[in-house]
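Some notes on the structure that comes next.
Rule-based calculations on the coordinates, nothing more; no lab input. All values reported here derive from a predicted model rather than from experimental measurement. No Cβ is skipped: glycine too gets one built from the backbone with ideal geometry, and neighbour counts run over all protein chains shown.
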Amino acid sequence: MTPPDEKSSRRDFLAGKAAKQALVRLVEETKPLPAIQPAGSAPPHVAPPLLQVSREAMACEFEIFFDPVRYPSGADVSVAALDLIAALEDQLTVYRETSEVSRLNAIASFRPVPVEAGLFELLQKAKSLSQQTGGAFDATAGQLSKIWGFYRREGKMPSGVEIEEALLTVGHESLKLDAAAQTVQFQKPGMDLNLGAIGKGYALDRAADLLREKDLRDCLLHGGNSSVLARGNRDGNTGGWTIALKHPLRPGERFVEFILRDQALGTSGSGSQYFHHGGKRYGHIIDPRTGWPADEVLSSTVIAPTAAEADALSTALYVMTLEEAAAFARLRPDVAALLTTFGKHPGEIDMHSFNLTDDAWRT
């Protein structure tokens, strides 16, 4: 993808068809970025500017940040990574009948279905995370999203019978994965996969792997600000990348900052998708164990080795009780988390941290 003359390549890229899909711009270190603030240990006024390459996919904007001085061909490589994310959307989305996941949902209840190797590995990871979290994360809970109206972003109150019937279709233990044949079969009629809680993170992991193969090793990637993956460091030393988290009650304010070093961060909350019924607020994150939207946690932020894990586990910890979250943290010391809940007084929040070391975050 990189011809001999890089200046010509960049000019051709900006003038060509790809320019309609991707945006390349220089980000000055002194300018705050929406939701995230890449930074290193060097003072802001001496740190070199970052190049930002972005593209819309999976109903959000994906962005890649890197130092163009250290990586002069980084823009072309980043465009290739964003093209990969778009291709993964075609495979994973449940909103296109032609996707591989939609095909699974249509026929896997009747017979084993061969799937692409990457998708099979993702489903293995999803099933493992379901087992680790006791079903608090479950990619087979697609019917629950539909009966609550969040599948089409039109929240509605289902009946008790609808919830009971949808729960009969949910259960990671009934997702049969045959590694030898690389096939998938649903052992419950009506089972419906929805990879929305893990798909963006998986796409970031795959994109970062491509960047690394092309020797772009120091970069920050994010999808919709809720899924972030940091590789290497900001300015060539061991400082890592600093990521700012918005306040769960006052989204215009910064809340805490996390320092990521070859780690991923996922954050979950129901601040953007919800509806009111009978004087109560119902958010879009549904506990697959009960069939009801979770309402005890304001926000759940997880730092994990991979972006797929960070995404899925931020959803799982959002629906867990604090006691369940603490128990999970003991089982996975490589995963850190920060949960927020309502405080005793209006406008106050309480923070609950798990496995977070002092050098990993700051308020």
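Remark on Gly343: its backbone amide H falls under 5 Å from those of Glu348, Ile349, Asp350, a criterion applied only to residues 5 or more positions apart or on other chains, H modelled at 1.01 Å from N.
Sorted ascending by nearby beta carbons within 10 Å, beginning with the fewest, Tyr318, Tyr274, Tyr95 become Tyr95, Tyr274, Tyr318. Comparing region 275-320 with the 2.2 N^0.38 Å rule of thumb, its C-alpha radius of gyration ratio is 1.28 (two decimals). Seen from a random direction on average, the alpha-carbon convex hull of the chain projects onto 19.4 square nanometres.
Each residue of region 347-363 was assigned a 3J(HN,Hα) from its phi angle through the Karplus expression (A = 6.51, B = -1.76, C = 1.60, θ = phi - 60°), giving x, 9, 10, 10, 10, 10, 9, 9, 6, 8, 7, 4, 8, 9, 7, 7, 9 Hz with x at Gly and Pro.
Translational diffusion coefficient of region 106-188 (Stokes-Einstein, Kirkwood radius from Cα pairs, 37 °C, 0.692 mPa s): 238 µm²/s. Axis of helix 199-213 versus longest Cα principal axis of the chain: the two differ by about 30°, to the nearest ten degrees. For region 197-266 versus region 320-363, the inter-centroid distance based on Cα atoms is 19 Å. Quick check: from the Cα gyration tensor, does region 50-117 come out rounded (a/c under 1.5), prolate or oblate? Prolate, since a/c reaches 1.5 and a/b exceeds b/c.
If you model region 137-176 as an ellipsoid using its alpha carbon gyration tensor, with each semi-axis the square root of five times an eigenvalue, the axes come out at 19, 12, 5 Å, biggest first. Each listed q (0.16, 0.22 Å⁻¹) maps to a log10 I(q)/I(0) for region 48-180 from the Debye sum over equal C-alpha point scatterers, namely -0.98, -1.35. The C-alpha atoms of the chain define a longest principal axis, and helix 322-331 lies at about 60 degrees to it. Here is the P(r) of region 230-363: all C-alpha pair distances, binned every 10 Å from 0, give 12, 42, 34, 11, 2, 0 in whole percents.
Sorted ascending by nearby beta carbons within 10 Å, beginning with the fewest, Trp361, Trp241 become Trp361, Trp241. Under 17 Å of direct C-alpha separation, and excluding same-chain neighbours fewer than eight residues apart, Lys176 reaches these aspartates and glutamates: Glu100, Glu116, Glu121, Asp138, Asp192. If you wrap region 241-298 in the convex hull of its Cα atoms and look at it from every side, the mean projected area works out to 5.4 nm².
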